[in-house]
1. Give the number of residues within the stretch 45-60 that are surrounded by fewer than 14 Cβ atoms within 10 Å (Cβ to Cβ), free of Cβ contacts under 8 Å to residues at least 60 places away in the same chain and either closer than 21 Å to G74 by Cα or of a type in the set (D, E, K, R) (or both).
2. Sort out which residues of the stretch 12-44 are surrounded by 14 or more Cβ atoms within 10 Å (Cβ to Cβ) and either assigned to a loop (DSSP other than H, G, I, E, B) or of a type in the set (S, T, Y) (or both), and write them in order of number.
3. When you look at R48, is it at positive phi and touching a helix residue (DSSP H, G or I) at 6+ places or on another chain (Cβ under 6 Å), yes or no?
4. Using beta carbons and a limit of 8 Å, which pairs, at least six apart or on different chains, have the first residue in the stretch 1-21 and in contact (Cβ under 8 Å) with a residue 12 or more places away in the chain and farther than 18 Å from A146 by Cβ and the second one among the aromatic types (F, W, Y) and assigned to a helix (DSSP H, G or I)?
5. List, please: which pairs have Cβ atoms under 9 Å, are six or more places apart or on different chains, and start with a residue in the stretch 75-98 that is within 25 Å of G115 (Cβ to Cβ) and end with one that is surrounded by fewer than 18 Cβ atoms within 10 Å (Cβ to Cβ) and basic (K, R)?
6. At pLDDT 95 or above, of a type outside the set (D, E) and crowded, with 19+ Cβ neighbours inside 10 Å: does that describe L84?
7. In the stretch 140-166, which residues are part of a helix (DSSP H, G or I) and touching a Leu at 6+ places or on another chain (Cβ under 9 Å)?
8. Quick check: anything in the stretch 149-164 surrounded by fewer than 16 Cβ atoms within 10 Å (Cβ to Cβ), in contact (Cβ under 8 Å) with a residue 40 or more places away in the chain and within 21 Å of G12 (Cβ to Cβ)?
Amino acid sequence: MVRLLVGLGNPGAAYQYTRHNLGFWVLDRVCYRLSPRRGAPRQRRAYRGRYVELEGPRGPVGLLWPETFMNESGRSVAAARQALGLSPEEILVVVDDLNLDPGRIRIRLGGSSGGHRGLMSIEAELGTRTYPRLRVGIGRPPDADAVAYVLARPPRAEEGFWEEVVGRAAQAVLAVLEEGPEAAMARYNRDEPARCIEDPNG
C-alpha cells in the first residue's frame, strides 16, 4: 500500500509554472482533494522539502514536495523513507516525462529512469528501481533543446489542456491510494488525453 506521495519539481517562483514542475502541480491538486476543508492544509519543512500528512482513502498518507532541486530529489525521498520507516514499494513518485505524448499517464511499479534526473537521483539514494511512479507526458519538442523546453512555461493557449491533465493525473493518484497500483494501471495506462494540444509545427 502506498503511504507516501512525492511530486517532483524545482523550488522557487522562477520554476513554479514550468513543465518540469508537473509533479508539483499534480501533488498540489491531490493535496487539495484530500484536504477536509478543500483548501491548502498547512505544510511543514521536513525531509529536505515541504511535507504534510492527510487522511487518504485507506488511511494516513504523506505528501512530499522535495526542495533539493530536481537532480538531488533522492536526498529528500531517502530522508522521508528513513524517518517514516517505509519500503520503496510504499512510495509513489509523480513526475513529468519527455518520452510520453502530452497528457498521457503511465503508472509503473518500477523500471528505468528514462534519463530523468529526478528519478536517477531517487534510484541512487534508495538503491533500487522498484518503487512505483506515475509519469505524466509533456512530449519532446522536435526542434528545441530539451532542457530549455522542460524549464519553460507552456503557452497560454495550452492552459486549459494542462488543467485537465493535472486533474486526471490527480484522479489516478487517488486511484492508486484507494485501489492499489495494479488496478490504477489497468484503468489509466490506456486512458487517452482529454484533447490534443495544437501542433506548433502544423
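1. The number of residues fulfilling the criteria is 2.
2. Once the filter is applied, which keeps residues that are surrounded by 14 or more Cβ atoms within 10 Å (Cβ to Cβ) and either assigned to a loop (DSSP other than H, G, I, E, B) or of a type in the set (S, T, Y) (or both), the stretch 12-44 yields Y15, Y17, T18, Y32, S35, P41, Q43.
3. Yes: the conditions hold for R48.
4. G7/F24; G7/W25
5. Listed by first residue and then by second, the contacts come to P88/R129; L98/R140.
6. Here the answer is no, as L84 does not meet what is asked.
7. A146, Y149, V150, W162, V165, V166
8. Taking every residue of the stretch 149-164 in turn, at least one turns out to be surrounded by fewer than 16 Cβ atoms within 10 Å (Cβ to Cβ), in contact (Cβ under 8 Å) with a residue 40 or more places away in the chain and within 21 Å of G12 (Cβ to Cβ).
The values are calculated or read from the model by the stated rules, or taken from the named source; none is laboratory data. Just so we're clear, the structure is a prediction, and the values are computed from it rather than from any experiment. Glycine also receives a Cβ, built like all others from the backbone with ideal geometry; neighbour counts cover every protein chain displayed.
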